[in-house]
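Reading through the structure tokens given below for one structure.
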Amino acid sequence: MRKTAALFLTLFALLLAARLCHSGILWAEETLPLAAAQQMRYGHTLYRDIWFDKPPVAALLDLPLGAGAGLRVIGAWYGLLACWIAYRFATDLWSEREGRIAAVLLAFFLVFDTPSAVTPLATDLLMLAPHMAAVWMAARGKALIAGGLAGVAFWISPKGLFVLAACAVWCPAVLLFAGFAAVVGTGALAVPVAYWNQVWHWGRIYAGAGFPLTSGVLRTANWVGFHAACVAGVAAREARQVRWLLWLAISFAGVAAGSRFFPRYYFQLLPVVLLLAARGYTKLSRKGRLCALLLLIPAIRFGPTYYRALHPGDWRDAAMDQDSRAAAALVRGMARPGDKLFVWGYRPEIYVYSGLPAATRYLDSQPLTGVPADRHLTDSVPVETTEPRARRAELTASRPAIVIDGLGPYNPALSLTAFADLAPWLANYREAARTRETVIYRLLPDPARLALPEKR
């Protein structure tokens with residue numbers, strides 16, 4: 001018991017130290033939930049007053065939080081919870097030895113991997129714990145609980161459907177689907193109708209505009225290389241059992257859905273791989289266990305990023321975040337009481353850093369341009385055309401005191417000035433300041449108001 005407590009204390013210290021290094025940075029995947037949560041604190045309702053193309057859990061979790069050390073501490077606790085689930089799952093399946101190995105491997109890969117994936121408490125990482133817990137419960141025959149946990153995963157990410165499928169491999173019972181339906185049905189009663197359009201309609205369009213297959217092959221090969229220490233899993237007899245193979249196939253299907261293969265998507269694959277690896281290490285000879293030295297590959301690659309996170313000024317990966325901080329500082333300096341903000345581009349962190357309320361329900365410009373944020377810095381071809389024009393008409397009915405173009409400096413074809421239907425609206429603004437990658441506009445004084453005689 002003492003050894004286990006000491007192990008988890010050590011893992012928590014590692015997770016906490018790694019995340020606190022990123023207290024001065026917000027990564028792209030966490031910025032929209034944080035900005036949405038901020039607007040909810042101003043009294044706005046998710047999906048009705050805030051366009052949010054993700055399920056609600058991430059925003060609701062961020063509701064009591066903000067940017068800074070507190071967010072990173074919660075992230076470390078969540079990582080520890082995931083490690084504990086991995087430990088209990090592997091212990092139940094085999095022994096405490098496999099449980100400890102599983103917990104250590106998970107903590108290691110929650111530190112030494114792509115910073116933008118492992119640091120933010122965003123949807124793909126948030127689904128990791130309920131994913132493992134759901135399959136764990138299914139393996140124990142607790143079908144109703146497993147289904148409920150798969151339902152929780154669904155409200156974190158639509159890929160929770162793959163979690164349900166994985167649970168069905170381990171426990172194909174009616175109660176599994178009953179538990180899932182109960183949680184999903186209860187949540188469906190609570191979300192506005194607009195949820196289905198923003199999350200599922202836009203999500204379908206987004207998923208239908210994936211990247212070339214060669215990109216997926218290359219990124220999968222990279223992930224396998226950085227997780228080469230888990231090849232010990234092939235030594236486990238379980239790796240050739242049908243239920244493990246099916247769980248592996250279902251999880252990879254979750255990674256491949258949408259044909260994007262971003263590093264954060266591989267959290268769907270991590271549970272099955274590390275559990276098999278934990279079992280495999282107990283079956284290897286002493287010499288065979290030397291494959292653990294392959295952990296040096298991700299440690300050497302990603303270890304230096306923590307130094308860079310403490311000194312983000314010259315780090316390319318954090319350049320946009322640093323520019324957003326600079327823009328927000330300028331906005332705070334010119335803002336007056338009652339001023340509202342609109343940010344063009346995918347720069348929701350500017351709302352968070354400035355502290356200003358949003359003037360519209362659009363916290364980023366994807367629904368206004370029809371170009372997904374994963375490509376709009378370099379590409380201007382929309383995946384949706386008709387509805388973005390109607391949404392831009394909605395935008396022109398607003399009168400934010402401050403407007404920021406955070407996309408035009410990267411991609412002039414998608415700048416605010418590139419849209420003819422926004423020209424009359426933008427004519428009411430003048431450029432007030434700029435940073436390297438943002439242009440800040442201020443609303444011009446109303447001539448009619450200035451012409452009114454002063455009251456005596």
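Got a sec? Which of Arg442, Arg436, Arg347 is touching a residue at least 40 places away in the same chain (Cβ under 8 Å) and assigned to a strand (DSSP E or B)?
None of the other options fit; the residue is Arg442.
Look at the range 283-297 and say how many of its residues are modelled with pLDDT of 90 or more and either under 21 Å from the mean Cα position of the chain (by Cα) or loosely packed, with under 15 Cβ neighbours inside 10 Å (or both).
Result for the range 283-297: 2.
Inspect all residues belonging to the range 82-105 and state whether any of them is buried (at least 22 other Cβ atoms within 10 Å of the Cβ), hydroxyl-bearing (Ser, Thr, Tyr) and under 18 Å from the mean Cα position of the chain (by Cα).
Looking for residues that are buried (at least 22 other Cβ atoms within 10 Å of the Cβ), hydroxyl-bearing (Ser, Thr, Tyr) and under 18 Å from the mean Cα position of the chain (by Cα), one finds none in the range 82-105, hence no.
Identify, from the list Arg430, Arg375, Arg392, the residue that is assigned by TED's automatic domain parsing to the domain that holds Phe342 and in a helix (DSSP H, G or I).
Arg392
Evaluate the range 31-40: report whether one residue or more is part of a loop (DSSP other than H, G, I, E, B) and surrounded by fewer than 24 Cβ atoms within 10 Å (Cβ to Cβ).
So far as the range 31-40 goes, no, none of its residues is part of a loop (DSSP other than H, G, I, E, B) and surrounded by fewer than 24 Cβ atoms within 10 Å (Cβ to Cβ).
Just to check your reading of the model, which residue among Phe211, Phe226 is closer than 22 Å to Thr114 by Cβ, among the aromatic types (Phe, Trp, Tyr) and modelled with pLDDT under 90?
Exactly one residue qualifies, and that residue is Phe211.
Restricting attention to the range 190-213, which residues are surrounded by 13 or more Cβ atoms within 10 Å (Cβ to Cβ), among the aliphatic types (A, V, I, L, M) and assigned to a loop (DSSP other than H, G, I, E, B)?
Val191, Ala209
Scan the range 298-325 for residues that are of a type in the set (Gly, Ala, Ser) and crowded, with 17+ Cβ neighbours inside 10 Å and jot them down.
Across the range 298-325, the qualifying residues are Ala309, Ala318, Ser324.
Just checking, which of Ala401, Ala423, Ala413, Ala397 is outside the structural domain of Gln198 (by TED's automatic domain parsing), surrounded by 12 or more Cβ atoms within 10 Å (Cβ to Cβ), among the small types (Gly, Ala, Ser) and free of Cβ contacts under 8 Å to residues at least 24 places away in the same chain?
That would be Ala423, the only listed residue that is outside the structural domain of Gln198 (by TED's automatic domain parsing), surrounded by 12 or more Cβ atoms within 10 Å (Cβ to Cβ), among the small types (Gly, Ala, Ser) and free of Cβ contacts under 8 Å to residues at least 24 places away in the same chain.
Does Gly187 satisfy the criteria of being closer than 30 Å to Ile50 by Cβ, assigned to a helix (DSSP H, G or I) and modelled with pLDDT of 95 or more?
Taking the combined requirement at face value, the residue does not satisfy it.
The values are calculated or read from the model by the stated rules, or taken from the named source; none is laboratory data. In this text the structure is predicted, and so the values were computed from the model without any measurement. We place every Cβ from the backbone using ideal geometry, glycine too, and count neighbours over all the protein chains shown.
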